[in-house]
Amino acid sequence: MGSKTAIAAGLLAGVIVGGLVVGGLLAFLPGPAVSESTQAPTPPAAATPTPTATPPAAASQGPAVSASPSAQAPPSGPAATSPTSTADAFGVGEPAPSLVVPKVGGGTIDLASLKGKPVWINFMATWCPPCVDELPLMAGFAARYADTGLVVIPVDVREDEAAVAAFFKGLGVGLPVGLDKDGAAQSAWGAVALPVHFWVDKGGIVRDAALGGIGPDVMATGLGTILPGVTVTP
């Protein structure tokens with residue numbers, strides 16, 4: 001009986017010692033992993049803004065197209081018709097229209113009676129500033145080329161004879177002046193704007209024409225077309 005008790009006591013002591021050993025070993029082992037579901041949420045990192053795409057350099061996009069109309073290529077097809085020239089509008093190269101008008105101071109100016117002479121006709125008015133500037137120049141040409149038979153005729157449009165006479169006297173211009181009282185001659189010659197100049201040769205053909213506001217250079221050029229062989233200078 002005594003021996004059994006001793007054996008039992010020994011076994012119990014062994015179990016206790018074994019338990020202590022196991023407990024000690026467990027103390028040195030790492031603790032159980034913490035579940036991700038129990039971890040505190042980590043605040044997300046600040047979002048880094050996506051950089052805006054930089055457009056490629058202009059050179060990589062091909063040649064730039066100008067919006068200016070002048071940069072556009074001309075349209076294909078036949079060339080555009082040029083606007084009507086002064087020569088076309090005033091019948092240059094054609095027989096001069098009839099011109100029969102009263103003359104300031106009495107008498108009549110009839111272009112047909114002047115055939116064989118170079119004639120410079122100027123439709124004008126006293127209220128027209130270019131006319132005022134041009135008339136002294138015209139009188140100067142008339143005096144310089146009188147030996148060629150040149151006749152220079154201003155034709156006043158739709159004004160009173162007394163006013164026209166006083167106007168020319170004040171300018172000191174001694175040219176024969178026609179009176180187109182109703183504008184019929186102006187219409188027949190197509191002189192829609194004032195002043196207008198016509199150079200008619202000895203054969204009654206309109207050789208040149210010009211809208212007013214011209215200077216001595218243009219006047220000399222016009223005269224040169226009806227004074228063949230004469231060097232006309234401004």
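Out of curiosity, is V155 crowded, with 16+ Cβ neighbours inside 10 Å and closer than 17 Å to P130 by Cβ? Walk me through how you get there before you give the answer.
Working: crowded, with 16+ Cβ neighbours inside 10 Å: yes; closer than 17 Å to P130 by Cβ: yes.
So V155 passes the test.
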message: Please count how many residues of region 184-217 are part of a helix (DSSP H, G or I) and either of a type in the set (S, T, Y) or more than 20 Å from G149 (Cα to Cα) (or both).
response: 7
query: Only one residue in A146, A142 is out of contact with any Gly (no Cβ under 8 Å at 6 or more places or on another chain), more than 13 Å from F123 (Cα to Cα), among the hydrophobic types (A, V, I, L, M, F, W, C) and in contact (Cβ under 8 Å) with a residue 12 or more places away in the chain. Which one?
result: A142
query: Which residues, taken from region 69-114, are modelled with pLDDT under 95 and closer than 20 Å to F198 by Cβ?
result: T84, S85, T86, A87, D88, A89, F90, G91
task: Output yes when any residue across region 142-156 is at pLDDT 95 or above, part of a loop (DSSP other than H, G, I, E, B) and charged (D, E, K, R), and no when none is.
output: no
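Report, by residue number, each residue of region 160-183 that is more than 39 Å from the chain's Cα centre (by Cα) and in a loop (DSSP other than H, G, I, E, B).
The first filter runs over region 160-183 and keeps only residues more than 39 Å from the chain's Cα centre (by Cα), leaving 160-182.
Within region 160-183, D160, G172, V173, G174, L175, P176, V177, K181, D182 qualify.
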- prompt: Within region 126-136, is even one residue in contact (Cβ under 8 Å) with a residue 12 or more places away in the chain, part of a strand (DSSP E or B), in contact with a strand residue (DSSP E or B) (Cβ under 9 Å, 6 or more places away or on another chain) and of a type in the set (D, E)?
  reply: no
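The values are calculated or read from the model by the stated rules, or taken from the named source; none is laboratory data. The shown structure was predicted, so the numbers you read here are calculated from the model rather than taken from an experiment. All Cβ positions, glycine included, derive from the backbone under ideal geometry; neighbour counts span all protein chains shown.
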